[in-house]
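The values are calculated or read from the model by the stated rules, or taken from the named source; none is laboratory data. In this text, all values refer to a predicted model and were calculated from it rather than measured experimentally. When we count neighbours, we look across all protein chains shown, and the Cβ atoms used for this are built from the backbone with ideal geometry, even at glycine.
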Amino acid sequence: MNKLSSLFTGSKRPASPFHSLSSVSEFPDIPLPDYEQMQAHCSGRALLAQELPYEQKIIDTYVRAGMLQKVPAITQQDSFWRCQRCSNQDPGLFGAHTCACGSERCFYCRECLEMGRGSACTPLYYWTGPEAFRAAAEPLAWAGRLSPGQARASSAAAEAGRQKREIYIWAVCGAGKTEMMFQAVAEAIARGERVLWATPRTDVVRELYPRLAGVFPGVPAAAWYAGSPEALPGASLVLATAHQARRFKSAFDVAVIDEVDAFPYVFDPGLQQAVREACRPEAAVVYLSATPGQDEQRRMKSGALAYVRVPRRFHGHPLPVPKCRWAGNWSLQLSRRRLPNALLHWCRSRNAVHPLFVFIPSVAVIQPAVEALRSEGFRCEGVHAGDEEREEKITAFRNGSLDILVTTTILERGVTIPKADVAVLGADDAVFTESALVQIAGRAGRNPERPEGDVIFFHYGRTKAMQQTIRHIETMNREEAPYDH
């Protein structure tokens, strides 16, 4: 079940302790060394002492001045522990160790351990001094034009930002959702506000960051994802995976939640809470997706959630409708390190000038598929979520150094390769839900110079998800009229 609809409108999870901390509006009489650096480093963040580049005596000075407040990293209520940084309350995700504090069983949170150990004996430091951020006049430098559908969504998102409301932009894959957000982001930054652009996937952050930094050239921007370099802490525009949103507390006035229905975000209340706590209580929220869950669709239809529906891509051409092709027992053939003849024949017959995604159901079958395609003379690589060379392989694919990229559903969203075709091997596998298949099909036909694209579902029996995907895309292709609520 998609639980996101309750995120900003009535979640039962505990409220953030950081929302209620008092703020200091005037500069104190106590001398504060490196004030501007400390302000920029700490604003909107809850940090361990080792994350502050200052001696403890300087940190204590800021605490005495009321500029920093201490909050326990781990709290206990009855027999249950709670991490104040990531909101983890799962007993299985807390550990105990012999600690320098003298305790032989000092509890710590394992859920956010990669950000530094937060223990029961250690505080988090949270900035409560004056805000550091200033308005930027005309921050947007973009000369492009929006389609009528994009323009409607753009205006609605900007209005939600001004009114501090939530809105869902339901737009087909390739509609240009990023460009739809330019106005809302620009207006927020011009008001002196901070913007969070959160997404479940590292690949999306990597792809979006240079684009947004390019159209907001004078705006301090930062990208946070697993393995990213230390980003600018006081940025006005922050792109982050949902996991990295845990680094922030009550920091953002506007949140854009991209691919809001994607794994793991949609199934992880802890990640949803992390994004909620990163935002101010009154923050505006814009949800983006081509495949909203049933809960969100019901809220839209009932009028509980404002939305704009954009059924056309920015170039005006219809979405490629997937074709289904029988592949026989593809699983058995892969176990014998062979590919179905139907897939191989199609790969040989298609125009190899155009790059090809081959989506497969699991990591285990990547290497057999790659080897079989290489034996046919194709330049081919495979990627998955745990692949440390994924970024380099995607770059090679985008640059034309590869003909085919075999991938799990990790690349179903957010990655755009011009003029690409798409094949799904084992489209009848349970991992390929309607939502996943709609997103996968959306990788094709995104370029106005080749808007048609090919999408082929190779299967061992048609599934309900495959049929629903085709109906979903055909319905969007028939829809023409503005759809705002």
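May I ask you to list pairs of residues, at least six apart or on different chains, whose Cβ atoms are under 6 Å apart, with the first in segment 414-432 being under 19 Å from Leu339 (Cα atoms) and in the same structural domain as Cys347 (by TED's automatic domain parsing) and the second being acidic (Asp, Glu) and part of a loop (DSSP other than H, G, I, E, B)?
Asp421/Asp454
Is there any pair with a first residue in segment 361-373 that is of a type in the set (Lys, Arg) and a second that is surrounded by fewer than 20 Cβ atoms within 10 Å (Cβ to Cβ) whose Cβ atoms are under 7 Å apart and which are 6 or more apart or on different chains, and what are they?
As it stands, the answer is none, since no pair meets every condition given.
Being of a type outside the set (Phe, Trp, Tyr), within 29 Å of the chain's Cα centre (by Cα) and modelled with pLDDT under 90 is true for just one of Leu21, Leu93, Leu52. Which residue is that? Don't jump to the end; show me each part of the working.
On the way: Leu93 fails: modelled with pLDDT under 90; Leu52 fails: modelled with pLDDT under 90.
The unique qualifying residue is Leu21.
Restricting to segment 135-164, name every residue that is in contact (Cβ under 8 Å) with a residue 12 or more places away in the chain, of a type in the set (Gly, Ala, Ser) and part of a loop (DSSP other than H, G, I, E, B).
Ala135, Ala136, Ala137, Ala141, Gly144, Ser147
Give the residue, chosen from Arg398, Arg350, Arg390, that is touching a residue at least 60 places away in the same chain (Cβ under 8 Å) and either surrounded by 15 or more Cβ atoms within 10 Å (Cβ to Cβ) or among the small types (Gly, Ala, Ser) (or both).
Arg390 is the lone residue from the list that is touching a residue at least 60 places away in the same chain (Cβ under 8 Å) and either surrounded by 15 or more Cβ atoms within 10 Å (Cβ to Cβ) or among the small types (Gly, Ala, Ser) (or both).
Exactly one of these conditions fails for Gln76: (1) over 23 Å from Gly270 (Cα atoms); (2) polar (S, T, N, Q); (3) part of a strand (DSSP E or B). Give me its number.
In the conditions (1) over 23 Å from Gly270 (Cα atoms); (2) polar (S, T, N, Q); (3) part of a strand (DSSP E or B), Gln76 misses (1) alone.
Check off (1) assigned by TED's automatic domain parsing to the domain that holds Ala231; (2) more than 30 Å from Arg309 (Cα to Cα) for Ser155 and give me the number that stays unchecked.
Condition (2) is where Ser155 drops out.
Given the conditions (1) under 25 Å from the mean Cα position of the chain (by Cα); (2) modelled with pLDDT of 95 or more, report the number of the one that Gly328 does not fulfil.
The one condition Gly328 does not meet is (1).
Would you check which residues across segment 149-187 are in contact with a helix residue (DSSP H, G or I) (Cβ under 6 Å, 6 or more places away or on another chain) and polar (S, T, N, Q) and list them?
Passing the criteria: Gln150, Ser154, Gln183.
Taking the conditions exactly as written (within 20 Å of Ser289 (Cβ to Cβ), within 23 Å of the chain's Cα centre (by Cα) and not polar (S, T, N, Q)), does Val438 satisfy them or not?
Yes: the conditions hold for Val438.
Which one of Thr475, Thr469 is assigned to a helix (DSSP H, G or I), loosely packed, with under 15 Cβ neighbours inside 10 Å and of a type outside the set (A, V, I, L, M, F, W, C)?
Thr475 is the lone residue from the list that is assigned to a helix (DSSP H, G or I), loosely packed, with under 15 Cβ neighbours inside 10 Å and of a type outside the set (A, V, I, L, M, F, W, C).
Would segment 101-111 turn up any residue that is surrounded by 14 or more Cβ atoms within 10 Å (Cβ to Cβ) and closer than 27 Å to Leu232 by Cβ?
Within segment 101-111, one or more residues are surrounded by 14 or more Cβ atoms within 10 Å (Cβ to Cβ) and closer than 27 Å to Leu232 by Cβ.
Residue by residue through segment 392-435, note down the ones that are in contact with a strand residue (DSSP E or B) (Cβ under 8 Å, 6 or more places away or on another chain), at pLDDT 95 or above and of a type in the set (Gly, Ala, Ser).
Scanning segment 392-435 gives Ala396, Ala420, Ala423, Gly426, Ala427.
Looking for whichever is farther than 30 Å from Glu474 by Cβ, under 24 Å from the mean Cα position of the chain (by Cα) and either among the charged types (D, E, K, R) or buried (at least 16 other Cβ atoms within 10 Å of the Cβ) (or both) here; the options are Glu376, Glu282. Which one fits?
Glu282
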